[in-house]
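Visitor: Starting off with a structure, shown below.
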Amino acid sequence: MGPSFPSEIGLAVSGGGDSMAMLTLAHNWTRVWGVGLRVVTIDHGLRPEAAAEAAMVAEECALLGWPHDTLRWQWDGQGNKMQAAREGRLALIDGWRGTLRHVLFAHTRDDIAEGFLMRLARGAGVDGLSAMAARRRVHGFDVIRPCLDMGREELRHYLKTLQGRWVEDPSNDDPAYDRARARQLLSVLEAEGLGVDVLAQAAARMGRARDALSARAADVWDQAGEEGAIDGRPTGEILFYRGRFEALERDTQLRLLAAALMWVSGQGLRPRIAPLEALLDRLLSGGTGTLHGCEAACERSEIRIFRELKAVMDAPRHGPLWDGRWSCDAHGLRALGEDGWRLLPVENRARHPHRAARSLPSLWQGDVLLACPAVNFGDTPAEIELLPMGMRALTFRQFLVTH
């Protein structure tokens with residue numbers, strides 16, 4: 001093994017056939033590679049059987065000799081439930097993983113084909129129709145998908161041969177869910193020559209096109225924009241030079257805008273194409289809009305992508321972190337907000353647009369504003385620092401290439 005080979009890897013195991021097969025396969029890999037496993041199950045609280053399924057995974061892990069944790073996610077009722085569950089699952093795993101750099105997910109060739117059909121029905125473009133990557137940076141860790149070249153039935157056969165346990169999620173056959181309908185449709189399309197293998201191959205070709213378009217976006221980025229900073233202090237924003245951005249072809253504009261929203265918000269999932277196109281149209285016509293926990297505003301010479309105030313006003317603080325990206329050892333770190341803006345002297349207000357300044361981190365003692373370093377206000381007893389973590393573990397240019 002090379003020096004970068006992990007000594008321990010994580011597995012996300014739901015209890016379904018795919019993930020239980022992956023657990024068994026990974027258990028066998030450990031004998032060859034000498035790595036340790038840590039297993040996590042997310043109980044989304046969406047079905048009453050989920051707790052028992054998590055307990056079954058824990059039992060199997062105990063038999064195999066690997067540690068297991070169950071994490072519980074609860075929907076707050078905001079936005080699309082399935083999308084919120086996916087993002088919530090990744091956020092929980094990021095908090096759980098500790099020093100783990102790699103977490104395995106058991107997506108298969110069937111998942112690629114089903115996802116292709118689901119996104120095709122939503123009018124997705126190249127990105128939406130691309131096959132999921134075998135390795136992808138999300139939050140602060142790498143999602144690894146070792147089973148993408150395997151079919152669901154192959155994994156079931158493997159488990160049956162070894163007399164392994166798994167559970168069938170009843171929602172997989174519930175037509176109320178998009179994925180269940182796509183799965184049923186695939187059985188019909190198979191007879192017409194549009195089965196899992198054909199759709200997965202089409203998705204792989206779309207993936208190659210996506211990579212080429214991402215390389216194009218990365219190449220023009222250096223002339224089209226910059227990461228926000230004031231006197232060398234990062235603001236966590238993305239700025240596009242308006243004239244150069246408007247001159248780009250539409251697909252590159254969409255790619256840059258989507259990446260900016262993901263990078264600024266720290267969300268690993270790409271925004272859906274319809275609201276993304278609507279936001280781009282508003283910006284190109286000189287307007288503003290919100291999407292993905294961000295706000296975008298067309299200024300005189302720049303298009304600014306920054307954190308939406310609503311998204312950070314009640315942002316929880318975990319240890320020294322605020323909004324998952326700003327670090328400060330002192331207490332009282334929160335968004336500047338309207339109250340803080342009114343307390344700033346005129347010369348400090350002039351350093352940043354009002355709309356964007358409100359979501360900058362600031363240090364408070366009760367109702368007294370002590371500091372807002374980005375606009376050079378106050379004495380900061382402990383530096384407020386934008387950490388290179390999550391989406392921002394990469395420069396924006398690197399992010400464009402890898403996402």
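Visitor: Taking amide hydrogens as modeled 1.01 Å from N in the peptide plane, which residues meet the under 5 Å criterion relative to THR235, leaving out close sequence neighbours?
Guide: Here GLY228, ALA229, ILE230 satisfy the definition.
Visitor: Let me ask something additional. Give a residue-ordered list of calculated ³J(HN,Hα) values for segment 152-168 (Karplus: 6.51 cos²θ - 1.76 cosθ + 1.60, θ = phi - 60°; whole Hz; x for Gly, Pro).
Guide: Whole-Hz 3J(HN,Hα) from phi for segment 152-168: 4, 5, 4, 5, 5, 4, 4, 5, 5, 4, 8, 6, x, 9, 6, 10, 9.
Visitor: Sticking with this structure for a sec: Among [x] 18.7; [y] 22.0; [z] 25.3, which is the computed mean projected area of the Cα convex hull in nm²?
Guide: The value computed from this structure is option [y].
Visitor: Through the Karplus equation 6.51 cos²θ - 1.76 cosθ + 1.60, θ set to phi - 60°, convert the phi angles of segment 241-255 into ³J(HN,Hα) values in whole Hz; use x for Gly and Pro.
Guide: Per-residue couplings from phi come out as 6, 4, x, 6, 5, 5, 7, 6, 5, 4, 5, 5, 4, 4, 5 Hz.
Visitor: I've got another one for you. Please determine, in degrees from 0 to 90 and to the nearest 10, the orientation of helix 109-121 with respect to the longest principal axis defined by the Cα atoms of the chain, where the helix direction is its Cα long axis.
Guide: 50
Visitor: Have a look at the DSSP beta bridges in the chain and tell me what percent are antiparallel, nearest 5.
Guide: Rounded to the nearest five, the antiparallel share is 70 percent.
Visitor: Mind pulling the angle between the C-alpha long axis of helix 178-189 and the longest principal axis of the chain? Nearest 10 degrees, somewhere in 0 to 90.
Guide: Its long axis makes an angle of about 50 degrees.
Visitor: Now, a different point. Take every DSSP beta bridge with both residues inside segment 8-203 and express the antiparallel ones as a percent of the total, to the nearest 5.
Guide: 20
Visitor: Any idea how far the Cα center of segment 1-65 sits from the one of segment 327-350, in Å?
Guide: Segment 1-65 and segment 327-350 have Cα centres spaced 45 Å from each other.
Visitor: Calculate, in whole percent, how much of the Cα-Cα pair population of segment 252-338 lies beyond 17 Å.
Guide: That fraction is 51 percent.
Visitor: Of LEU344, GLY193, ALA209, which is farthest along the charge dipole of the chain in the positive direction, counting Lys and Arg as +1 and Asp and Glu as -1 at C-beta?
Guide: Positive-most Cα among the choices belongs to ALA209.
Visitor: Now a separate question. Just want the ordering: ASP43, ASP142, from fewest to most Cβ atoms lying within 10 Å of their own Cβ.
Guide: ASP142, ASP43
Visitor: Next question. Taking H as built 1.01 Å from N, whose amide H comes closer than 5 Å to the amide H of LEU104, not counting residues under 5 places away?
Guide: Here GLY10, LEU11, ALA12, ILE144 satisfy the definition.
Visitor: Taking 30 Å as R0, compute the FRET efficiency from the Cβ-Cβ separation of ARG349 and ARG282 and round it to 0.05.
Guide: Calculated transfer efficiency: 0.70.
Visitor: When the dipole is taken about the Cα centre of the chain, and only Lys, Arg (+1) and Asp, Glu (-1) are charged at their Cβ, what size is it in debye, to the nearest 20?
Guide: Taking the Cα centre of the chain as origin, the dipole is about 440 debye.
Visitor: Shifting gears a bit: Could you calculate the FRET efficiency of ALA121 with ARG101 from 1/(1 + (r/R0)^6), where r is the beta carbon distance between them and R0 is 30 Å, rounded to 0.05?
Guide: 0.25
Visitor: Can you compute the charge dipole magnitude of segment 54-172 about its Cα centre, using +1 on each Lys and Arg Cβ and -1 on each Asp and Glu Cβ, nothing else charged? Give it in debye, rounded to the nearest 20.
Guide: 260
Visitor: Let me ask you something else. For the chain, find the longest principal axis of its Cα atoms and tell me its angle to the long axis of helix 273-284, 0 to 90°, nearest 10.
Guide: Tilt relative to the chain: about 20 degrees.
Visitor: Right, another one. Restricting to DSSP H runs of at least four residues, report the calculated mean residue ellipticity at 222 nm for the chain, -39500 (n - 2.57) per run over all residues, nearest 500 deg cm²/dmol.
Guide: Calculated mean residue ellipticity at 222 nm is -13000 deg cm²/dmol.
No lab work stands behind these numbers, since they all come straight from the coordinates. On a predicted model such as this, the values are computed, not experimentally measured, just so you know. All Cβ positions, even for glycine, are placed from backbone atoms using ideal geometry, and neighbour counts span all protein chains on display.
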